[in-house]
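Presented below is the structure to which this report refers.
What follows is calculated from the coordinates using simple rules that are stated; it is not laboratory data. Predicted model only: the values in this text are computed from it and were never measured. Quick reminder, even Gly has a Cβ in these numbers, built from the backbone with ideal geometry, and neighbours come from all protein chains shown.
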Amino acid sequence: MPTLPAPARDVLLLLARLGLGITFFMHGWQKLTAQGVSGTQKAFASMGAPLPDVTAVVAIVLEVVGGLALLAGAFTTLVGVVLAVHMAAAALIAHLGNGFFVANGGPSYVIALGAGALALAAAGAGRFGLDAVLSRGARERVGDPAAA
């Protein structure tokens with residue numbers, strides 16, 4: 001099976017990070033600014049989320065900070081896994097039992113977001129992310145000729 005040339009792969013990873021990053025960020029930002037923390041906590045309570053006063057804040061922080069990290073390509077493996085777990089929890093708590101599709105409140109959207117986050121966790125940020133810059137800097141500090 002042919003693989004993509006590295007430059008094309010890096011551009012596609014950048015586009016995936018930008019798409020997922022802005023989506024996560026905007027959902028967290030909406031929770032923070034439009035609904036407010038207390039509105040988000042009330043919404044989480046109505047969905048039966050455990051400890052809604054805490055989990056609402058955790059969701060806001062994960063989505064805002066995680067979205068920004070994906071946009072920057074920073075800590076992509078860790079952030080991708082954490083956001084995927086966050087989306088799995090959202091599916092289990094808020095969406096299961098509503099069918100599959102978003103129009104009925106189903107989990108299809110959070111499944112797609114979680115799967116995308118996992119794909120980025122597996123593939124990494126690519127050359128156009130902070131992870132690559134930080135990795136290159138670390139290799140240079142130890143004298144790795146591949147860092148050039």
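Miscellaneous remarks
- On inspection, residue 78 fails the criterion of being out of contact with any strand residue (DSSP E or B) (no Cβ under 8 Å at 6 or more places or on another chain), in a helix (DSSP H, G or I), surrounded by 17 or more Cβ atoms within 10 Å (Cβ to Cβ) and of a type outside the set (S, T, N, Q).
- None of 34, 8 is under 27 Å from residue 58 (Cβ atoms), out of contact with any helix residue (DSSP H, G or I) (no Cβ under 8 Å at 6 or more places or on another chain), free of Cβ contacts under 8 Å to residues at least 12 places away in the same chain and loosely packed, with under 15 Cβ neighbours inside 10 Å except 34.
- Which numbered condition residue 99 misses (of (1) loosely packed, with under 14 Cβ neighbours inside 10 Å; (2) within 11 Å of the chain's Cα centre (by Cα)): (2)
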